[in-house]
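Please read the structure below before turning to the comments.
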Amino acid sequence: MSYYQLYSNYRRDVFFDYTEKNTFNQYDLEEGNVYPLDEKLSYSVDKLDTYLNDYDILPTIGGLLVSLKFKQLVERLGSDCQFIPAVISSTKSGEINETFFVMNVLNLVPCLDWENSEYKPLLKSLPDGPIKLLTIKYVPNSLEGHHIVRMKEYTGNIIVDELFIKACKEEKIKGVMFVKEGSTQRPEFVEM
């Protein structure tokens, strides 16, 4: 089975930012840690576009924001994710949107094929530190029956299987893209 990296695609070049109002560290959302609080997570963006609710996944700095439709799709697939209600506020108008959820992917799975992938240190001065992936290859059958996981070796990457992509196509999920194995410099996307 082939695996793919999940990306978001929004009409406008913008990111929805995890705000400092949150007491939960945004990086814990990349480590598979359960969010223990009952409070909503706060995000901000310059303005709330009229087409915002047409999208099922939003580009973020912090955990991914997803729609109720996307949340229900993931839950139907039986994936181990936590969904935390979110509040998105406009920095210009103060207007808010409370229809999205933060998707916290709890499965961290080692799936990077180190031998066939190409990578280099992110900083030359830290050869054993963080890496930059140049070409990604996945270990066959590494998702172990999961449909969506975080790559343990590079926790910012969310990896999905073919069944997940098929479900997104059938449900006409908007704003989602999937990158095939290969070059990160010239990525090849799955036709949606």
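Couple of notes before you dig in:
- Each residue in region 129-145 was checked for being of a type in the set (A, V, I, L, M, F, W, C) and either surrounded by fewer than 11 Cβ atoms within 10 Å (Cβ to Cβ) or not in a strand (DSSP E or B) (or both), and 2 of them qualify.
- Single match in Lys172, Lys166 (criterion: farther than 23 Å from Gly62 by Cα and part of a loop (DSSP other than H, G, I, E, B)): Lys172
- Residue in region 106-120 that is in a strand (DSSP E or B), over 30 Å from Thr19 (Cα atoms) and touching a His at 6+ places or on another chain (Cβ under 9 Å) present: no
- Screening Pro121, Pro127 for residues that are at pLDDT below 95, over 22 Å from Leu64 (Cα atoms) and touching a Gly at 6+ places or on another chain (Cβ under 9 Å) leaves exactly one candidate, Pro121.
- The listed residue being exposed (fewer than 12 other Cβ atoms within 10 Å of the Cβ) and hydrophobic (A, V, I, L, M, F, W, C), out of Leu123, Leu112: Leu123
- Checking each residue in region 38-79 for being closer than 23 Å to Ile159 by Cα, of a type in the set (Asp, Glu) and surrounded by 13 or more Cβ atoms within 10 Å (Cβ to Cβ) picks out only Asp56.
- Members of region 36-61 that are part of a loop (DSSP other than H, G, I, E, B) and within 9 Å of the chain's Cα centre (by Cα): Pro59
- Annotation note: of Leu143, Leu126, the sole residue that is in contact (Cβ under 8 Å) with a residue 60 or more places away in the chain, aliphatic (A, V, I, L, M) and more than 18 Å from Phe189 (Cα to Cα) is Leu143.
- Region 163-192, subset at pLDDT 95 or above and among the basic types (Lys, Arg), residue surrounded by the fewest Cβ atoms within 10 Å (Cβ to Cβ): Lys172
- Single residue of Gly78, Gly156 found to be in a loop (DSSP other than H, G, I, E, B) and either outside the structural domain of Tyr43 (by the TED database) or free of Cβ contacts under 8 Å to residues at least 12 places away in the same chain (or both): Gly156
- Test result for Val160, modelled with pLDDT of 95 or more and in contact with a Cys (Cβ under 8 Å, 6 or more places away or on another chain): no
The values are calculated or read from the model by the stated rules, or taken from the named source; none is laboratory data. These numbers were taken from a predicted model, which means no experiment stands behind them. Neighbour counts are summed over all protein chains in view; Cβ atoms, including those assigned to glycine, are modelled from backbone coordinates with ideal geometry.
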